[in-house]
Amino acid sequence: MVTRTRCVRCGYQLTLGKSEAITRVVGLALTSTILMGIVLFAPFLYLNAGAFDSSASVVDVVLGFASGIMMPLALAVLVFIIVVPVARSMLLIYALAPLLAGYRNATGAQSALRWAFLLKPWAMAEIFMVGVAVALVKLAGMATVNTGAAFWAFVLLVVVNTLQDTFMCRNTLWTSLATNTA
């Protein structure tokens with residue numbers, strides 16, 4: 001049984017207990033997956049420049065770049081902003097949800113958790129938000145730009161992913177998987 005550990009000098013909590021760590025990680029991974037669904041299909045930005053009026057979702061952006069010289073950019077957005085974060089969340093859910101429900105490890109749970117940790121540096125939702133912020137500043141002088149529901153869902157997604165990474169206690173997660181093989 002993994003319990004909370006604290007520093008003997010200052011009392012700072014070093015690790016979470018087993019149930020807390022797993023509950024937080026699985027809950028935030030599920031939240032992240034749901035938010036990504038909103039991000040993909042809801043309008044991200046509304047643009048109005050005189051007679052020109054347009055809205056775009058993240059899927060529209062990927063499809064808009066999906067031809068010619070912009071194809072590598074479309075692939076990069078698709079892989080690093082959509083596929084890798086969703087895959088990482090799904091791997092965490094697959095590896096840890098059975099523990100949360102009190103069942104044995106799923107087949108390949110340790111590999112799934114290992115891949116979730118390996119994919120972390122490649123899930124670049126935060127970098128995309130920085131790029132969007134720069135683009136919004138540049139566009140604000142040329143047109144009226146309004147943010148859509150997907151923009152705010154994406155902001156929330158970045159916060160949720162940051163919290164998830166903060167709450168991930170690798171020692172607790174690995175120990176929980178190792179002791180739940182029977």
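Couple of notes before you dig in:
- Computed helical MRE - 222 nm, the chain, DSSP H runs ≥ 4 contributing -39500 (n - 2.57), nearest 500: -19500 deg cm²/dmol
- Principal-axis tilt of helix 170-179 within the chain, Cα atoms, nearest 10 degrees: 50
- Put a plus charge on the Cβ of each Lys and Arg, a minus charge on the Cβ of each Asp and Glu, and nothing anywhere else: the dipole of the range 43-179 about its Cα centre is then about 480 debye.
- Ile34 versus Thr166: modelled label distance in nm, points set 7 Å from Cα along the beta carbon direction: 2.0
- On a per residue basis, the range 1-104 carries 57 Å² of accessible surface, using protein heavy atoms and a 1.4 Å probe.
- Computed over the alpha carbons of the range 41-142, Rg followed by Dmax gives 18.3, 60 Å.
- Compactness index (Cα Rg / 2.2 N^0.38 Å), the range 122-182: 1.74
- One quarter of the convex hull surface built on the alpha carbon atoms of the chain amounts to 13.2 nm², the projected area averaged over directions.
- Chymotrypsin sites (Phe, Trp or Tyr not before Pro) within the range 1-102: DSSP coil, no more than 12 neighbouring Cβ in 10 Å: Tyr12
- Here the simple spin-label model places points 7 Å from the Cα toward Cβ, and for Val159 and Cys10 these points are separated by 2.7 nm.
- Against the chain, whose longest principal axis comes from its Cα atoms, helix 18-41 is set at around 20 degrees.
- Over the range 85-169, equivalent-ellipsoid semi-axes from the Cα gyration tensor in Å: 35, 12, 9
The values are calculated or read from the model by the stated rules, or taken from the named source; none is laboratory data. What you are looking at is a predicted structure, and each value in this text was computed from that prediction instead of being measured. Here the Cβ is made from the backbone with ideal geometry for all residues, glycine too, and neighbour counts use every protein chain on show. The accessibility values were calculated without ligands, DNA or RNA, using every heavy atom of the protein model including side chains. Shrake-Rupley method; radii C 1.70, N 1.55, O 1.52, S 1.80 Å.
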